[in-house]
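Here is the structure we will look at.
Taken together, the values in this text are just the output of simple stated rules run on the coordinates, not laboratory data. None of these values were measured; they are calculated from a predicted model. Don't worry about glycine lacking a Cβ; one is built from the backbone with ideal geometry, like all the others, and counts go over all protein chains shown.
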Amino acid sequence: MDLHPLRHTAEHVLHFAMQNLYPTLLKAMGPATDEGYYFDFDYDEKISEADFPKIEKEMQKIINLDLQMVKAEIDEKQAREIFKNNPYKIEWIDLILKRNEPLTIYKMIDKKGKVYDIDLCSGPHASSTGKIKAFKLLKVAGAYWHGDEKNKMLTRIYGTAFFMQEELENWIKKQEEAEKRDHRKLGKDLDLFVFSDLIGKGLPILTPKGTIIRRELEKYVLEEEMKWGYEHVITPPLAKTDLYRTSGHYPYYQNTMYPVMKVDDEELILRPMTCPHHFMLYKSRPRSYKELPVRFAEIASQFRYEKSGELSGLTRVRMFCLADAHIMCAVSQAKEEIKNVLNLIDSMNKVLGLEKGKDYRYRLSLGDRTDEKKYYKDDAAWEKAENVLREVLVQEKAPFFEVSGEAAFYGPKIDVQMKKVNGQEETAFTVQYDFVMPKRFSLTYIDKDGKEKQPIVIHRSSIGAFERTMAFLIEHYAGAFPLWLAPVQAEIIPISEKQADYAERVLKNLKEAGIRAEMMAENESMQKRIKLATEQKIPYMIILGGKEEAEKKISIRTRNGNQENMINLAELINRLKREIDEKIIEPDS
RNA sequence: GCCCAAGUGGCUCAGUGGUAGAGCGACUUCUUGGUAAGAAGUAGGUCGAGGGUUCAAUUCCCUCCUUGGGCUCCA
């Protein structure tokens, strides 16, 4: 059943309760959301989560009254009169009138017809407040009026509501499950990355274990992209400021770029993106139509000074490394190239265990023609580019939706929208169609007819930024990585010291076979060592006791608890090598 | 950047206006155990940093740093 009307009603209950407790507060707005609802208001004194019990008690009183939610249409004069003391509501009224929409209000009325509260609202609502059988206030936050930091900071309270107590409990349980998978928690538990105050925020340090995952991903990107016709290059992570003035990035990105470094007569800057570097390489000599498409790829570190409040674990950092590439091609080749890019993305993400349609979908981000600052004026080119992207998505039967105003200033793009464990969607990386940069940098090629022509550029990533991809994968697998990514692939557990020599030999054999194997100290019980290895999500435990040693065999136990006793080591090595080489995701299932 | 919350030994957390506790981990010793925690002992903290109030601050106040949640899913 649709929870939005119920939650919207719960928001009105919250509003009314707050109005009772804090009569001078002014409501700005309060919508229902997918997870619950929130309520923005203007109030001079501090409200914190410590006030929740009091507020929830007041809400329960209103719910118990089972007030009906009654809709009514009013005219402008009535509206201005009712909400004359609330500038936020007056602003809404002006906006609604401007749009020629009807002014509707909802009243909370008891059975005798007594009106408790009136709010400007288009609904829909549950029939009465008594329908709310379970509710909970979640958190206090600050929120700018209309999301604009130039406006006043309002107080926001988040809450949720359900038809049944059981639903609420399930929801809470689900939230807790997502918390357990949080990559920041697992990053600590599994010893993958750390932060240092002295190094700086938003600058993660990868531990030896975290680095194994990172390097494996890098190896995969290099090998796979080369197979798909990319040429990997290495360009400097800093450049003269002029490069970004030429590209036009400088004015747009100035607030997220690191400040200019002045050295002698030069001005240098840490690069916030790689494209102009690849353009310089393209321009290093004349290009023939025969060379196109030119596909330059790079595992490229980039630097962006994100606002401190936006930083989060590995998903939002101040220096990141992108599996980046720029394809310079003829306009006629664009469609085919974009198709190949989408296929590459699907193919590589599938290997990582991310499924199209389930773990991610596409978003076609179109330009907003009215936004002259963010939109390079060239209607025909935009039209063409947007159509090409849309046609490819349709032809490839890719799951996608469209939004306007999310494009880059130099062209429309396809965003890869990853679904996180907590249900939130996040842009992981993008594929952009760019007809502006070739002009700015005078990129050319000599065509068949001997004339100079201009290519277009496709900016793309294959798996996104390594930091963010790692975060996704940590949460996706809850730390139980596929064998090829697992920092420790096999943990040897000799049952007692008597097997020390044998265990050493097994360890040596595994290492020589290229398997990341470790041995756990004997000074703990076998049970304890199995517990520790399982907690570390180590895929294979190799148990060695007297029986194994006597027959020169081994026994294994997987992190899922499956056991196989008395098998040949050579057989296991072959199995693991195959599982690693083929990047098998879940051999057990 | 702004709003709210948090910062106590490596980790998870308790606690108090009279200079701190637990469990896990580490170390040592005993134990050599057959598939998710064997036992005992020892060490380890200027309670995020700086300033203020006080006879006395980890506890109260201020500033800063770091971390977490949030900052247009419209009335």
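Before moving on, here are some points about what is shown:
- Stretch gain in nm, segment A:K448-A:E497, where the contour uses 0.36 nm per residue and the Cα spacing is subtracted: 10.1 nm
- Based on Cα contacts under 8 Å between residues 6+ apart, segment A:480-537 shows a relative contact order of 42 percent.
- The share of C-alpha pairs in segment A:119-269 whose separation exceeds 19 Å stands at 79 percent.
- Scaled against the 2.2 N^0.38 Å expected of a compact globular protein of N residues, the Cα radius of gyration of segment A:431-589 reads 1.62.
- Cα centre as origin, Lys/Arg/Asp/Glu Cβ charges: chain A dipole, Debye: 160 debye
- For segment A:162-167, 3J(HN,Hα) per residue [Karplus equation, 6.51 cos²θ - 1.76 cosθ + 1.60, θ = phi - 60°, Hz, x = Gly/Pro]: 9, 6, 9, 4, 4, 4
- Among the trypsin sites (Lys or Arg not before Pro) in segment A:393-474, those located in a DSSP loop and surrounded by at most 14 other Cβ atoms within 10 Å of their own Cβ are A:K397, A:K448, A:K451.
- Rg and Dmax of segment A:417-462, based on Cα coordinates, read 17.2, 56 Å.
- Over segment A:77-194, the hull volume per residue, using the convex hull of the C-alpha atoms, is 174 Å³.
- Computed [θ] at 222 nm, deg cm²/dmol, chain A (DSSP H ≥ 4; -39,500 (n - 2.57); rounded to nearest 500): -11000 deg cm²/dmol
- Gap separating the Cα centres of segment A:384-425 and segment A:302-376, nearest whole Å: 9 Å
- Estimated translational diffusion coefficient (Stokes-Einstein, Kirkwood radius over Cα pairs, 4 °C, 1.567 mPa s) of segment A:1-139: 84 µm² per second.
- For segment A:71-117 and segment A:136-181, distance of Cα centres in Å: 26 Å
- Hydrodynamic radius by Kirkwood, which averages 1/r over all alpha carbon pairs of segment A:507-589, in angstrom: 13.5 Å
- Tensor-based shape of segment A:332-435 (alpha-carbon gyration tensor, a/c under 1.5 rounded, otherwise prolate or oblate): oblate
- Amide H contacts of A:L238 (H built 1.01 Å from N, under 5 Å, at least 5 apart or other chain): A:R271
- For segment A:99-156: relative contact order, % (alpha-carbon pairs under 8 angstrom, 6 or more apart): 20 percent
- Tensor-based shape of segment A:202-353 (alpha-carbon gyration tensor, a/c under 1.5 rounded, otherwise prolate or oblate): oblate
- Set of lysines with alpha-carbon distance to A:K57 below 24 Å, sequence-local pairs under 8 removed: A:K27, A:K46, A:K107, A:K111, A:K112, A:K114, A:K131, A:K133, A:K136, A:K139, A:K173
- Shape category assigned to segment A:485-528 from the gyration tensor of Cα positions, a/c cut at 1.5: oblate
- Of the GluC sites (Glu not before Pro) in segment A:1-62, those whose Cβ has at most 12 other Cβ within 10 Å and which sit in DSSP loop: A:E45
- Taking the square roots of five times each eigenvalue of the Cα gyration tensor of segment A:92-161, the equivalent ellipsoid has semi-axes of 26, 22, 10 Å, listed largest first.
- Once C-alpha pairs closer than 8 Å and six or more residues apart are averaged by separation and normalised to the residue number of chain A, the relative contact order reads 10 percent.
- Taking trypsin sites (Lys or Arg not before Pro) across segment A:177-232, the ones in a DSSP loop with at most 16 further Cβ atoms lying within 10 angstrom of their Cβ are A:K201.
- Rg in Å to one decimal, and Dmax rounded to a whole Å, for segment A:200-288 via C-alpha atoms: 16.6, 46
- When chain A is reduced to its Cα atoms, the Kirkwood hydrodynamic radius in Å: 28.2 Å
- Long pairs among A:K307/A:K420; A:K227/A:K451; A:K180/A:K508; A:K377/A:K453; A:K531/A:K577, criterion Cα-Cα beyond 30 Å: A:K227/A:K451; A:K180/A:K508
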